[in-house]
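J.: The structure's right below; bear with me while I get my questions together.
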Amino acid sequence: DYPCAGLPMIILMLRISFLLIAFFPLPKKERILIPLTSFGIGFGLGVIRVCILTLLLPEEAKFDYWHGSNGSQIFSTLAIVIFSVFCHSILKKYDLFDLENKSRVAEVQ
């Protein structure tokens, strides 16, 4: 099923990655790597969630928690945190936090 497979989380991660690409001047390599990483994080955490749901099928109360919005929000939040750490390392690598320094930003392009 669409929500159970983690597709909303993957779409959320891709949207965030495209926003990052739109706001920061990054080399072509990172413009490709960022969406691929966001997809991988969303997909990987979706697989882990489905595995948890499979293991909890016999226990209805626990299954309902992880299948409902509370359980899925935990994984979405975890995906955003992991992706933000990844993006922070890329932005720090190219020193893009200081956008006032136009010469450094111009070097990246």
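J.: For PHE86 and LEU14, FRET efficiency with R0 = 22 Å and r from the beta-carbon atoms, rounded to 0.05?
T.: 0.95
J.: Further, regarding this structure: Between LEU57 and TYR94, how high is the FRET efficiency from 1/(1 + (r/R0)^6) when r is the Cβ-Cβ distance and R₀ = 30 Å? Nearest 0.05.
T.: Between LEU57 and TYR94 the formula returns 0.05.
J.: Further, regarding this structure: Give the Rg/Rh ratio for region 8-78, taking Rg as the radius of gyration of the Cα atoms and Rh as the Kirkwood radius, to two decimals.
T.: Using Cα coordinates only, the ratio equals 1.14.
J.: While we're on this one: Under a point-charge model restricted to the Cβ atoms of Lys and Arg (+1) and Asp and Glu (-1), what is the dipole moment magnitude of region 22-68 relative to its Cα centre, in debye to the nearest 20?
T.: Values: 5 positive and 4 negative charges, 89 e Å.
With only Lys, Arg, Asp and Glu charged at Cβ, the dipole is about 420 debye.
Where a number appears in this text, it was derived from the coordinates with a stated rule and is not lab data. As the structure is a computational prediction, the values presented were derived from the model and not from experiment. So basically every Cβ, Gly included, is an ideal-geometry build from the backbone, and we count neighbours across all protein chains shown.
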